[in-house]
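To start, the structure under review is shown below, and the notes come after it.
Readers should treat all values here as calculations from the given coordinates under stated rules, not as data from a laboratory. Computed from a prediction, not measured in an experiment: that's the story for all the values here. With ideal geometry, Cβ positions are generated from the backbone for all residues, glycine too; neighbour counts draw on all protein chains shown.
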């Protein structure tokens, strides 16, 4: 039983990595116009003659990305009340990720007593921030009518599920921390029922995560989605990709679009067709 749980858990981690990599590849290779449609927030395209504006360097973009990740600046400026629980949840989540990395690193170097004391304090603080922050996020989305408009019922189920994982994990770590992280491998092959439940529920979440709406947040910081403000000039990468797309065959038709041609030919025909006044 324990071996199967370990297999499912580490298998879910591997699945998460592979699925995420495949989705990243899919988004990176998406047609240029899909990048524009996925663009979030105010766009530089709203400005007149945007191509004449000064474009941010890669260093500035990277620094802005780091600040957004660490401090969630847009939420702070747009919805301060919602920002507080959201920030607490994310800080708790970051600490939990670092905590698991720390456990994996020092499991064989520190004594059980030292590691248990440090691990319990660190883990409890991180779990508390994530749990109460999550409670605050769920409450705000239930109370705030503006926020409630953007979330279907399944979204609230997902938050309850995530909070359940966190609270079960807290119980497992608090009462079975030594066996969970620092005892012999034999103990891990015979986990307690509550620990096994936590690992299984967390594995399901890892498998689901690459396909959730949360995954889209990562692409806010992908260059061509977050800062797709590079002009299409001769010899540029954008020009090369547009030329590739123009050679694709037209697979649908309309009064102004004829199938069986390439998009380059369709675009040329549209340029030559005189505009008519509406009747």
Could you work out how much longer the chain between residue 207 and residue 160 gets when fully extended? Use 0.36 nm per residue separation minus the Cα distance between them, nm to one decimal. 15.2 nm
At R0 = 35 Å, how high is the FRET efficiency between residue 257 and residue 80 if r is their beta carbon distance? Nearest 0.05 is fine. 0.15
Rounded to the nearest 0.05, what FRET efficiency is calculated for residue 241 and residue 98 with R0 set to 45 Å and r the Cβ-Cβ distance? 0.75
How far is it, in nm, from the label point at residue 146 to the one at residue 70 when both lie 7 Å from their Cα along the line to the Cβ? 2.8
